[in-house]
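Report on the following structure.
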Amino acid sequence: MEQRKFGYIRVSSKDQNEGRQLEAMKKLDINERDIYLDKQSGKNFERVNYQLLKRIIRKGDILYIHSLDRFGRNKEDILQEWNDLTKNIEADIVVLDMPLLDTTQYKDSMGTFIADLVLQILSWMAEEERERIRKRQREGIDLALKKVFDLADQQFLLQRNSKKFIKVEIRRTNSSESHAGSPSKKDQLL
């Protein structure tokens with residue numbers, strides 16, 4: 001059976017550009033039909049095209065990924081998928097921006113040990129970056145909500161104060177007409 005080369009590309013959202021990853025795959029002469037693209041979060045591997053790729057890839061095939069964080073953002077899931085592809089399916093994986101993560105090159109025990117160690121560290125870093133992204137997003141959302149609520153509170157107070165002012169003026173006008181200049185108890189409370 002002929003060895004096939006596959007490329008996997010992931011961007012986090014529909015408006016992100018996958019161009020640099022696609023260009024890297026084309027430079028490797030990967031057939032365009034064998035390049036799989038997902039435009040969604042790397043929080044897990046429940047991605048349509050990744051799952052399709054996983055059903056197609058066979059023993060001896062090579063999967064190229066631009067960088068480990070494009071593969072996924074959850075350490076345990078990255079390690080599980082890596083092991084499933086390399087040990088169960090017996091395909092190779094090449095991470096283009098990290099030459100140590102190339103299972104086609106390092107087949108001896110020392111090479112495997114180093115690749116596993118680097119994989120552990122980089123998958124941890126990918127997960128940490130995801131947490132930082134989520135924290136920054138939360139901080140940005142919280143700040144935006146605070147601004148909206150502060151603005152809404154100011155507008156409410158202005159509306160409330162203007163209504164109160166109008167009510168006070170109306171009551172005073174009505175009171176002064178009926179009591180000939182002496183303030184009523186209502187006017188004193190307002």
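Values in this text are rule-based calculations from the coordinates and carry no lab data. This structure is a prediction, so every number in the text was calculated from the model and none was measured. Cβ: placed from backbone, ideal geometry, glycine included. Neighbour counts: every protein chain shown.
A Stokes-Einstein calculation at 25 °C with viscosity 0.890 mPa s, built on the Kirkwood radius of segment 1-111 over Cα pairs, returns a diffusion coefficient of 174 µm²/s.
Exposure proxy ranking for LYS39, LYS135, based on other Cβ atoms within 10 angstrom of each Cβ and starting from the fewest, stands as LYS135, LYS39. With the cut-off at under 19 Å, measuring from each backbone N in segment 59-95 to a point 7 Å along the Cα-to-Cβ line of ASN17 picks out 66-67, 70.
With 22 Å as the limit, the listed pairs LYS5/LYS59; LYS87/LYS107; LYS27/LYS75; LYS54/LYS87 have LYS27/LYS75 beyond it between alpha carbons. Among the trypsin sites (Lys or Arg not before Pro) within segment 52-104, those in coil by DSSP and having at most 16 neighbouring Cβ atoms inside 10 Å are ARG58, LYS59. Multiplying the residue separation of GLN105 and LEU79 by 0.36 nm and removing their Cα-Cα distance gives an extension gain of 7.5 nm.
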